[in-house]
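Asks: I'd like to ask some things about the structure below.
Readers should treat all values here as calculations from the given coordinates under stated rules, not as data from a laboratory. The structure presented is a predicted model; accordingly, all values stated were derived computationally and were not measured. Neighbour counts run over all protein chains shown; Cβ positions are idealised from the backbone, glycine included.
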Amino acid sequence: MTTRKTETKEFRFTLDEIDEVKGSFTGYASIWDAIDTYGDAVMKGAFKRSLKESKQFPLLWSHNLMEPIGIIEGAEDERGLAVSGQLNIDVQRGREIRSLMRQGAVTGLSIGFQTVREEIDKTTGLRKLKEVKLWEISPCVFQACPGAVADDVKTAITEPGEDTDNSNLIPEVKDNLSTTEIIHLLESWRLLIEQTGKN
C-alpha cells in the first residue's frame, strides 16, 4: 500500500481585533471552493472525518515539527474550516509569533495534510480536494489562497522568559524524516494533546 505524501496549503488571514487577555486567535484556516495558486480547491466536508477523530491539532511554526507553539481546534461551517488557536506564550517562539501577528508580518495560516480523496477537472485541471487528513496547522508568512480571516486575536503581556530559541539547531527536520515518520510523530502529538485535555 502506497503512503500518500504530506502536503501543505496556505491561506491568508487578517487580524481585526487585539484584546490583551491571552494568546488566542480565531478565524478560518480554509475556505470552501477557493481556488489557490496551485490550482487546488478544498471542498465542503473535506475535514469532516479528521475533525471527528480529533478535536485539537498541533499548532506549529511554519510546519517545523520541532517547533510546536500551541494547539488549535477546528470546526466546519458554511464558509470553511473555522479555527480557534491558542499560542503558548510560555514558549519564546509563541511570544514571537504573537508579536509578528499583531504587527502584520505573519499573515497566513497553512494546513499540513494528506489527500484522501480528490477529483481532477479534466477541462480546467482543477484539483478538488474532497477529503483530507488534517495533521497540523501553522502560522506562516506567505499564503496561497485568499479569504481566510482571523476575526479575533487575544494576547497577553508577559515579561520575556528564559526560554531558548532552538530554531538555529533545526534546518528543517521534516526534510530528514520520511512521510511515515512524520505521520507517526504528529499522531503521537495529537494523542498527547487529547490526553492533556482530559487531565
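Asks: Go through Val106, Leu87, Thr123 and say which Cα lies farthest out towards the positive end of the charge dipole of the range 47-145; charges sit on Cβ, +1 for Lys and Arg, -1 for Asp and Glu.
Replies: Farthest towards the positive end: Thr123.
Asks: Another question, if that's okay. Whose amide H sits under 5 Å from the amide H of Gly70, counting only residues 5 or more places off or on another chain, with H placed in the peptide plane?
Replies: Answer set, sorted by chain and number: Leu59, Asn88.
Asks: OK, next. In sequence order, what are the phi-derived ³J(HN,Hα) couplings for the range 95-109 according to the Karplus relation 6.51 cos²θ - 1.76 cosθ + 1.60 with θ = phi - 60°, rounded to whole Hz, with x for glycine and proline?
Replies: 5, 5, 5, 4, 5, 5, 5, 5, 6, x, 6, 9, 10, x, 10
Asks: Report, by chain and number, residues whose modeled amide H sits under 5 Å from the one on Val116, excluding near sequence neighbours (fewer than 5 apart, same chain).
Replies: For Val116, whose amide H was placed from the backbone, the distant partners under 5 Å are Glu131, Val132, Lys133.
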